[in-house]
Amino acid sequence: MKIIHTDALVLGGGLAGLRTAIGMKQRGHDVISLSLVPPKRSHSSAAQGGMQASLANSVKGTGDNEDVHFVDTIKGSDWGADQQVVRMFVDTAPKAVRELAAWGVPWNRVEKGDQQSVIDGKQVILTEPENAHGLITARNFGGTQKWRTCYVADGTGHSMLYTMSNQAIANDIPVHERMEALSLIHDGKQCFGAVARNLISGELVVYIAKATCIATGGFGRIYRSSTNAVINEGIGAALALETGVTSLGNMEAVQFHPTAIFPAGILVTEGCRGDGGLLLDANLHRFMADYEPEKKELASRDVVSRWMETHIAKGYGVKSRFGEHLWLDIRLLGEHHINTKLREVKEICQYFLGIDPVKDLIPVRPAQHYSMGGVRTNHKGQSPGLLGLYSCGEAACWDMHGFNRLGGNSVAETVVAGMIVGEYMADFLESDDCDINISTSLIADFYHKEKIKLAAFHHEDNTENPFEILHEMQALMTNNVAIFRNKTKLVEAIEQLKALRIRAKNIRVHSNAKGTNPELVAAYRVQKMLKLSLCTAYGALQREESRGAHSREDFPLRDDAKWLNRTLATWPCEQDELPTLHYESINIKEMEIPPNWRGYGAKDRIDHPDTANRLAEIEKIKKEKCTSKENISKDSAAKDNEAQDKEALQIKLMPYKHLLPEILRGKNARFSDEQ
């Protein structure tokens with residue numbers, strides 16, 4: 001039995017995992033990262049459109065700040081997010097963008113003078129001031145009031161990931177590639193690392209660590225049609241679930257991106273619509289203006305996806321031999337814009353569709369894209385269920401997205417959460433809490449359990465094919481637990497998923513290859529994926545309301561009175577047929593922004609009885625004079641007094657600065673500060 005010891009173990013080599021590892025390494029701790037693929041091939045590289053941060057450098061970003069970004073994110077979440085965590089996020093995002101710029105990310109920059117743009121289908125001229133020339137610019141994205149999404153053409157994730165990976169190398173962080181964690185080692189109270197399998201040699205390796213972070217990305221591949229990479233199967237979240245004591249949060253909250261190319265399901269960025277692209281139906285009619293007169297194509301993703309599917313159901317879809325779809329038109333952006341700022345989109349269209357988007361319409365239809373649910377953590381990224389277990393990025397339910405995330409907030413979260421969680425993990429490693437006293441028998445027990453599980457797949461009496469079970473599961477999730485949900489379909493999905501799980505216990509692996517063995521990998525992964533599918537479907541069945549990306553046809557209203565809470569799923573016993581669900585209430589009395597209309601989508605809702613009282617309380621606080629605070633010195637400049645007034649007001653409304661690591665509490669400078 002091979003055992004490797006380290007201070008911290010990070011599962012995942014994408015943006016979130018690498019930034020977390022860098023944070024701990026820079027504090028002097030030994031870190032090892034495990035990755036299914038070489039880090040530069042992680043799914044983070046697929047992020048195209050950009051990263052949200054309220055820099056306010058471009059003319060269309062004028063007036064943007066943390067407050068505006070905060071409001072947009074809360075509305076986008078449909079009031080499902082942790083508002084203190086969102087405050088932490090929007091406060092740190094500008095710091096993250098600038099850090100990445102210093103490390104080498106070649107962000108697109110403001111160009112002074114007149115710039116041609118497309119807004120609401122019309123050609124317009126935007127004039128950028130001379131003294132903003134060379135600053136990081138931004139593009140428009142859905143659900144935002146300002147142009148806030150910093151970008152590198154349409155290869156933002158690629159540039160960010162390569163830069164981050166190079167920083168990991170510079171910090172001498174070992175990444176053990178082609179290593180997959182099979183189980184977390186724990187005693188029910190504390191996590192001590194993981195048992196992992198070498199995907200090349202088949203060897204099982206034990207990693208013992210004082211702190212472990214799950215940063216393995218989302219679980220999109222439980223669906224058939226997904227923009228996710230094939231490695232995004234949610235195994236990290238499943239490992240946490242299988243401890244029996246760690247909760248997964250909001251697993252029913254699954255986002256569908258409006259513009260996946262049809263039928264391949266490959267993403268084309270929201271930047272296409274942010275830059276001025278239009279959605280058209282079979283009659284070449286711009287239909288989103290009919291449903292969302294204000295935001296049109298740039299309402300939040302959950303809203304746009306629902307209207308697209310609704311429009312197809314009304315008979316306005318474009319018929320093809322693969323099924324129905326709609327059109328994305330970016331021709332009006334012009335050849336130069338497409339070739340320079342949407343070049344990856346152009347290549348995807350050429351390689352996978354055989355079309356040129358400069359001249360041709362792009363066939364699109366919504367596909368699964370993002371998982372708001374994941375390992376439930378506190379603001380530090382720590383799992384309440386197991387000491388020493390952390391999670392960040394898409395694998396986590398931190399919870400800054402609630403029931404729908406805004407475009408550009410995901411790739412931003414990977415880096416921001418990595419910065420914050422890395423600091424808190426380093427604090428943990430420097431505390432007495434991280435002392436571990438683990439017996440060799442516990443290590444051996446977990447190691448041998450995994451060996452026995454793997455060996456059992458080769459039993460001659462087993463008959464099931466793992467790939468058939470996988471495909472049936474994906475079809476069920478796509479057909480029954482998708483954009484529109486109802487009790488009949490969800491019950492059917494749950495019953496069939498339970499049957500598939502029984503069949504999965506009888507999987508036969510015919511290949512005896514000790515090393516690379518795709519059949520064996522599919523066998524042990526599909527068992528875990530079925531649990532995630534059941535958490536998603538069962539959570540969706542129990543949540544009898546529509547909120548964000550969770551849309552129930554039989555319960556069309558958002559119900560704050562009954563369902564203003566977070567779903568927590570655990571799987572206490574392997575023999576259990578279904579997860580155990582609990583609910584974590586979201587306290588309106590502690591909200592900075594109580595529930596209201598999002599500004600797009602459905603206006604009707606069932607209000608919580610505390611909403612009116614909290615709104616009145618907030619109005620009262622805002623009306624109070626904030627000029628006689630003890631912490632404001634008499635000789636402060638007027639601007640300093642204004643800033644201190646704002647900080648005092650924030651503390652009264654909803655304090656959050658104390659939750660940030662001290663190193664990240666500084667004020668964000670903006671171009672407008674110099675005006």
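Here are the numbers for this structure:
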quantity: Mean Cβ neighbour count within 10 Å, used as a protection proxy, ranking 65-75, 180-190 highest first; calculated: 65-75, 180-190
quantity: Relative contact order, percent, region 164-205 [alpha-carbon distance under 8 Å, six or more residues apart]; calculated: 29 percent
quantity: Rounded to 5, the percent of DSSP beta bridges in the chain classed as antiparallel; calculated: 65 percent
quantity: Cα centroid separation, region 79-120 to region 236-289 (Å); calculated: 21 Å
quantity: Over region 61-151, relative contact order from alpha-carbon pairs under 8 Å, at least 6 apart, %; calculated: 28 percent
quantity: Helical mean residue ellipticity (222 nm; -39500 (n - 2.57) per DSSP H run of 4+; nearest 500) of the chain; calculated: -11000 deg cm²/dmol
quantity: Trypsin sites (Lys or Arg not before Pro) lying in DSSP loop within region 325-398, provided at most 15 other Cβ fall within 10 Å; calculated: Lys359
quantity: Coarse-grained scattering of region 500-577 at q = 0.15, 0.21, 0.26 Å⁻¹, given as base-10 log I(q)/I(0) from a Debye sum over alpha-carbon atoms; calculated: -0.69, -0.95, -1.19
quantity: P(r) of region 149-304 over all Cα-Cα pairs, binned every 10 Å from zero, in whole percent; calculated: 8, 26, 30, 21, 11, 4, 0
quantity: Anisotropy class of region 198-265 from Cα gyration tensor, a/c 1.5 cut; calculated: oblate
quantity: Euclidean distance between Cα centres, region 314-362 to region 492-514, Å; calculated: 39 Å
quantity: Burial order of peptide ranges 443-455, 495-507 (average beta-carbon count within 10 Å, highest first); calculated: 495-507, 443-455
quantity: Accessible area of region 322-420 belonging to carbon and sulfur atoms, whole % at 1.4 Å probe; calculated: 48 percent
quantity: D_trans [Stokes-Einstein, Kirkwood Rh over alpha-carbon pairs] for the chain, 25 °C, 0.890 mPa s, µm² s⁻¹; calculated: 96 µm²/s
quantity: Average accessible surface area per residue within region 225-274, 1.4 Å rolling probe, Å²; calculated: 16 Å²
quantity: ³J(HN,Hα), Karplus 6.51/-1.76/1.60, whole Hz, each residue of region 377-382, x for Gly, Pro; calculated: 10, 8, 5, 7, x, 9
quantity: Theoretical FRET efficiency, 1/(1+(r/R0)^6), r = Cβ-Cβ of Val37 and Glu492, R0 41 Å, to 0.05; calculated: 0.70
quantity: Kirkwood Rh and Cα Rg combined as Rg over Rh, evaluated for region 395-548; calculated: 1.06
quantity: At least 20 Å along the helix axis (C-alpha) and Kyte average at least 0.5, DSSP helices within the chain; calculated: 409-429
quantity: Peptides ranked, highest mean first, by Cβ atoms within 10 Å: ranges 425-436, 268-279; calculated: 268-279, 425-436
quantity: Relative contact order [Cα under 8 Å, 6+ residues apart], the chain, whole percent; calculated: 19 percent
quantity: Global geometry of region 63-170, whether rounded, prolate or oblate, following the gyration tensor of its Cα atoms and the 1.5 cut on a/c; calculated: oblate
quantity: Under Karplus coefficients 6.51, -1.76 and 1.60, residue-wise ³J(HN,Hα) of region 581-586 in Hz, glycine/proline x; calculated: 9, 10, 10, 9, 5, 9
quantity: Calculated from backbone phi, Karplus (6.51, -1.76, 1.60) coupling profile of region 359-369 in Hz, x at Gly/Pro; calculated: 10, 10, 6, 9, x, 9, 7, x, 9, 3, 9
quantity: Nonlocal amide H pairs with Asp559, under 5 Å, H built at 1.01 Å; calculated: Ser546, Ile606
quantity: Cα coordinate range in region 449-522, projected on the principal axes (Å, largest first); calculated: 44, 22, 21
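The values are calculated or read from the model by the stated rules, or taken from the named source; none is laboratory data. These numbers come from a predicted model, not from an experiment. Note that we place each Cβ from the backbone using ideal geometry, even for glycine, and neighbour counts take in every protein chain shown. Note: accessible area is taken over every heavy atom of the protein model, side chains too, but ligands, DNA and RNA are not part of it. Shrake-Rupley method; radii C 1.70, N 1.55, O 1.52, S 1.80 Å.
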